[in-house]
Amino acid sequence: MNKKYYIIDFDSTFTQVEALDELARISLGDHPDREEIYKKIEDLTNAAMEGKLSFRESLTGRILLLEATKEHLRALVIRLKKQVSASFSRNKKFFKNHSNDVLIVSGGFKEFITPVVLPFHIKKENIYANTFVFNAEGKIIGYDDSNPLSFEGGKVKLLRELNLPGEIYGIGDGHSDFQLKEFGMIKKFYAFTENIERKTVAEKADHITPSFDEFLYVNNLPRAISYPKNRILCLVVGNVCDTAVKVLKKDGFSIRHKSNFEEKYVADIGILLLGESETIDDDLLQRAVKLKTIGYQGNSKKQFSHELCTEMGIVVFDNSKNVDSIAKRIAKFINKGDTYKSSNFPNLQLPRVENGHRLIHIHRNVPGIMAKVNQVFARNEINIVAQFLMTNSIIGYVITDINSEYDKQVLKELKEIEDTIKFRILY
């Protein structure tokens with residue numbers, strides 16, 4: 001089997017921001033013309049990322065505008081550690097298990113990159129970036145212009161020098177990342193769009209990955225969550241306040257905002273967020289087989305059938321006063337399995353399990369079904385760390401946390417238990 005390497009960009013990929021832009025906001029905080037200078041630096045960054053300006057021209061221009069010192073760099077590192085991209089943060093275990101395979105390759109600078117990525121078990125020798133030049137007072141006056149990463153096409157030059165033996169996959173948001181594929185240095189290029197989508201880059205990518213979870217999922221690699229949230233379609237229908245939509249968008253769900261529940265979305269919808277007075281007829285609801293949860297801005301009992309939702313394993317949240325709280329409850333249900341303050345489901349608030357797996361089983365409330373669930377685990381010699389069960393007159397809702405790896409046969413057996421309504425893996 002060929003060894004695989006993962007080349008990961010830093011700015012706007014590993015972190016949510018462009019580090020030099022952030023450094024400018026620190027170093028120029030008291031400068032009278034700071035807003036004008038910020039704009040110049042951002043324009044230089046974007047021009048290079050979109051391939052409209054050579055990287056070297058962009059880098060030189062930005063460095064000259066910074067007026068930064070070692071003290072400013074220390075403040076930058078503190079800021080960047082808080083702005084690691086969410087999907088990278090939750091997949092720290094992947095980096096620990098693949099510490100020999102992951103390389104950070106960036107046109108940024110080691111002085112701020114190294115302290116941010118080292119806690120993710122990325123080896124120091126696998127961090128490739130530029131380095132600053134300082135004067136005697138600790139002010140940045142330039143950079144090492146002999147480093148291949150300071151040149152246009154620097155990532156291509158570097159990978160040619162490294163000559164890595166195996167399949168190489170690249171993840172990044174900019175033109176310099178795509179160049180690795182353009183010049184045949186990597187097998188596939190994944191345009192990372194969690195923080196910013198540069199259309200000129202995304203349209204050339206082998207795959208657009210809105211999160212690191214998506215990259216791990218399509219490559220069948222171990223990950224913190226079993227199914228990327230960007231693949232869960234959230235349909236917003238009617239007049240729903242923007243802040244509620246932003247809650248779900250920030251959490252990584254794929255959002256479509258429509259004035260009505262269009263037929264083309266029925267088969268694929270995972271989350272439905274409805275404005276006040278919106279209704280759903282039973283026929284439409286019955287065909288929404290992937291629908292996991294509905295949020296309603298108001299009192300939903302007269303707008304659609306709660307009984308049918310319960311029978312289908314669809315969790316309903318509504319609130320006549322605070323639609324933001326509905327969005328947060330939806331996110332907690334998808335992320336943790338919480339059904340707290342649901343209008344139709346048994347209420348459960350759950351801790352998050354660390355270094356384990358969480359399975360959700362929704363079933364009809366009939367005698368003996370819990371015994372059948374646990375028999376599946378026993379037959380497959382799986383140890384249960386914790387189990388949470390709540391029922392109402394119609395359904396049972398059971399969460400099972402396990403700490404061992406499992407065969408896919410286990411999942412098949414759980415789904416095939418008689419009276420199962422819905423089953424899914426959270427993480």
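Of note:
- Residue 112 surrounded by 19 or more Cβ atoms within 10 Å (Cβ to Cβ), among the aromatic types (Phe, Trp, Tyr) and either more than 27 Å from residue 180 (Cβ to Cβ) or modelled with pLDDT of 95 or more (or both): yes
- Condition met for residue 52 (over 23 Å from residue 144 (Cβ atoms) and not in a loop (DSSP other than H, G, I, E, B)): no
- Applying the set (1) more than 20 Å from the chain's Cα centre (by Cα); (2) not in a strand (DSSP E or B) to residue 295 leaves exactly one unmet item: (2).
- Search result, residues across the stretch 136-180 that are hydroxyl-bearing (Ser, Thr, Tyr) and under 26 Å from the mean Cα position of the chain (by Cα): 169, 176
- Top-ranked residue in the stretch 247-258 [being in a strand (DSSP E or B) and basic (Lys, Arg); ranked as surrounded by the most Cβ atoms within 10 Å (Cβ to Cβ)]: 256
- You will find that of 93, 181, the residue that is of a type in the set (D, E, K, R) and modelled with pLDDT of 95 or more is 181 and no other.
- Among residues that are in contact with a Gly (Cβ under 7 Å, 6 or more places away or on another chain) and of a type in the set (A, V, I, L, M, F, W, C), residue 248 is not included.
- Odd one out for residue 421 among (1) hydrophobic (A, V, I, L, M, F, W, C); (2) at pLDDT below 95; (3) touching an Asp or Glu at 6+ places or on another chain (Cβ under 9 Å): (2)
- Scan of the stretch 393-408 for residues that are small (Gly, Ala, Ser) and outside any strand (DSSP E or B), ordered by number: 393, 404
- Selected residue [in a helix (DSSP H, G or I) and closer than 30 Å to residue 91 by Cβ] from 317, 333, 388, 345: 333
- Selected residue (criterion: surrounded by the most Cβ atoms within 10 Å (Cβ to Cβ)) from residues of the stretch 357-413 that are more than 20 Å from residue 345 (Cβ to Cβ) and acidic (Asp, Glu): 413
- Residues considered: 189, 183, 261, 215. Of these, the only one that is under 14 Å from the mean Cα position of the chain (by Cα), of a type outside the set (Ser, Thr, Tyr) and either farther than 30 Å from residue 296 by Cα or surrounded by 15 or more Cβ atoms within 10 Å (Cβ to Cβ) (or both) is 215.
Listed here are the residues, each with its yes/no results for (1) more than 19 Å from residue 93 (Cα to Cα); (2) at pLDDT 95 or above.
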{"residue": "214", "(1), (2)": "no, yes"}
{"residue": "219", "(1), (2)": "no, yes"}
{"residue": "223", "(1), (2)": "no, no"}
{"residue": "227", "(1), (2)": "no, no"}
{"residue": "244", "(1), (2)": "yes, no"}
{"residue": "250", "(1), (2)": "yes, no"}
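- For the residues 339, 310, the requirement of being in a helix (DSSP H, G or I), modelled with pLDDT of 95 or more and of a type in the set (Ser, Thr, Tyr) singles out 310.
- Count of the stretch 140-178 residues, restricted to those that are closer than 18 Å to residue 65 by Cα and surrounded by fewer than 17 Cβ atoms within 10 Å (Cβ to Cβ), is 4.
- Long-range neighbours under 6 Å by Cβ, at least six apart or interchain, first residue in the same structural domain as residue 17 (by TED's automatic domain parsing) and on the phi < 0 side of the Ramachandran plot within the stretch 149-174, second among the small types (Gly, Ala, Ser) and surrounded by 22 or more Cβ atoms within 10 Å (Cβ to Cβ): 149/107; 155/176; 173/12
- Members of the stretch 251-310 that are among the basic types (Lys, Arg) and in contact (Cβ under 8 Å) with a residue 12 or more places away in the chain: 256, 258, 287, 290, 292, 301
- Residue 377 being in a strand (DSSP E or B), outside the structural domain of residue 247 (by TED's automatic domain parsing) and of a type outside the set (Gly, Ala, Ser): no
- Per the conditions (1) part of a helix (DSSP H, G or I); (2) at pLDDT 95 or above, the sole criterion not satisfied by residue 324 is (2).
- Hey, residue 129 among the small types (Gly, Ala, Ser), modelled with pLDDT of 95 or more and surrounded by 18 or more Cβ atoms within 10 Å (Cβ to Cβ) or not: yes
The values are calculated or read from the model by the stated rules, or taken from the named source; none is laboratory data. Bear in mind the structure is a predicted one, so any value in this text is a computation, not a measurement. A quick note on method: Cβ atoms are made from the backbone with ideal geometry, for glycine too, and the neighbour counts reach across all protein chains shown.
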